[in-house]
Amino acid sequence: MEKICVAVRVRPPSCEKSEDELHWKVENNSVSLHDGVHNSPIPGMSFAFDHVFDKDINNATVYDLLVKNIIQAAAEGFDGAIVAYGQTGSGKTFTMKGIIPRAVEDLFHDIQQMNVMFEFQIRVCCMQIYNEHIIDLLAEDNNQNLETAYRFWRGPYVRGLKEEIVNNVNQVLGLFQKASGRSVDLAHTLFVMIIESNPKCTYSSSGSTSDAVGRLSVLNLVDLAGSKRTAETQAEEEGEHTDKSLMVLSDVINKLSEGGKQRVHIPYCDSKLTYILQHALGGNAKTSIICTIAPEKTHIEETKGTLQFASRAKNVTNCVKVNEASSEGKLLDEVFKKQEVQSPCS
């Protein structure tokens, strides 16, 4: 059992603030709202997490503390997820663009260290969830509405999503750049790497070849859409759908954070986002959630909401395990694939 790692990152202020304003103060691994006049914390507005990064912390430090170990685990067969959550303009995309290239480089480095014993295949896909439609950002025509499905060997996935086989860092980063150029605002972006490995040769104690056990891990790198007030966006309907999926995500986290005290239904299927990420949220993945906040006085309510979400998320526990299957298990999965049904979320 392993708790989700939760961190908060405070972006630099967009303008100078006067000394008499409210402000957020970072101290050790906590962040609190202070009265600028008396320089004292406001009751009920202090929050503690695994890590809290002030405005001077760079992407390399964030990566080393939150992501590096998850990338190594993904090469070893563990599912992993890095999720950036926060209001619009608080630094989510900036953070993910600093994390993804480092993650790709480390993944290929780790695989190179293991390729004496294992053969690897890495596939990359990228999607956006926009207005509850799943759009393939690597397909030639990305105006799509793909369906979700489930496979024994893979878990939740998107049927028909294009998966590109990649052999080096440059190929992956090229696909990431392509997907980034086709992305839209008010959408959740998921950059996904599927890492499959099989032993090159496995022997039993008698010296004969035994049933080889393969591994398959799914690494989700997620830049969630930020929340916007309806009056601030021209796309009211799309904004409502984005808010709905974020509300479902919050509801899922709320129920999971209860820690099993109540046997309640977890509404993964109330949105496509939470259905796809269900292994990362209370499942078998190693997960880090990076919550980004804006320090300005005008954003206090949005920042408070983000910190409350983060406080609940740090109580969520995953049952982390390697995804292994024998060759026989993979064969059965191929049989079941022909009988798979559309998920309740489609």
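Quick notes
- Neighbours by Cβ (under 6 Å, 6+ apart or cross-chain): first from region 74-87, closer than 13 Å to V218 by Cβ and of a type in the set (V, I, T); second in a strand (DSSP E or B) and at pLDDT 95 or above: I82/L221; I82/S288
- Considering the conditions (1) closer than 19 Å to H133 by Cα; (2) of a type in the set (S, T, N, Q); (3) at pLDDT 95 or above, S183 is excluded by exactly one of them, (3).
- Residue within region 299-309 that is within 23 Å of the chain's Cα centre (by Cα), surrounded by fewer than 17 Cβ atoms within 10 Å (Cβ to Cβ), modelled with pLDDT of 85 or more and farther than 30 Å from P12 by Cβ present: no
- Residue within region 205-215 that is modelled with pLDDT of 80 or more and either in contact with a strand residue (DSSP E or B) (Cβ under 7 Å, 6 or more places away or on another chain) or of a type outside the set (K, R) (or both) present: yes
- Test: residue in region 63-78 that is within 30 Å of V248 (Cβ to Cβ), touching a helix residue (DSSP H, G or I) at 6+ places or on another chain (Cβ under 9 Å), among the small types (G, A, S) and outside any strand (DSSP E or B): yes
- Conditions (1) surrounded by 15 or more Cβ atoms within 10 Å (Cβ to Cβ); (2) modelled with pLDDT of 90 or more; number of the one not met by N142: (2)
- Being touching a Gly at 6+ places or on another chain (Cβ under 9 Å), buried (at least 16 other Cβ atoms within 10 Å of the Cβ) and modelled with pLDDT of 95 or more is true of T287.
- Filter result for R151 (touching a helix residue (DSSP H, G or I) at 6+ places or on another chain (Cβ under 7 Å) and more than 29 Å from V62 (Cα to Cα)): yes
- Comparison of E163, E132, E147 shows that the only residue that is of a type outside the set (S, T, N, Q), in contact with a strand residue (DSSP E or B) (Cβ under 7 Å, 6 or more places away or on another chain), surrounded by fewer than 22 Cβ atoms within 10 Å (Cβ to Cβ) and touching a residue at least 60 places away in the same chain (Cβ under 8 Å) is E147.
- Scanning region 101-108 turns up one or more residues that are exposed (fewer than 15 other Cβ atoms within 10 Å of the Cβ), in contact (Cβ under 8 Å) with a residue 12 or more places away in the chain and within 30 Å of N167 (Cα to Cα).
- Check on V124, of a type outside the set (K, R), at pLDDT 95 or above and in a strand (DSSP E or B): yes
- Test: residue in region 216-229 that is of a type outside the set (F, W, Y), modelled with pLDDT of 85 or more and part of a helix (DSSP H, G or I): no
The values are calculated or read from the model by the stated rules, or taken from the named source; none is laboratory data. Note that this is a predicted model, so its numbers are computed, not measured. Cβ atoms come from the backbone with ideal geometry, glycine included; neighbour counts cover every protein chain shown.
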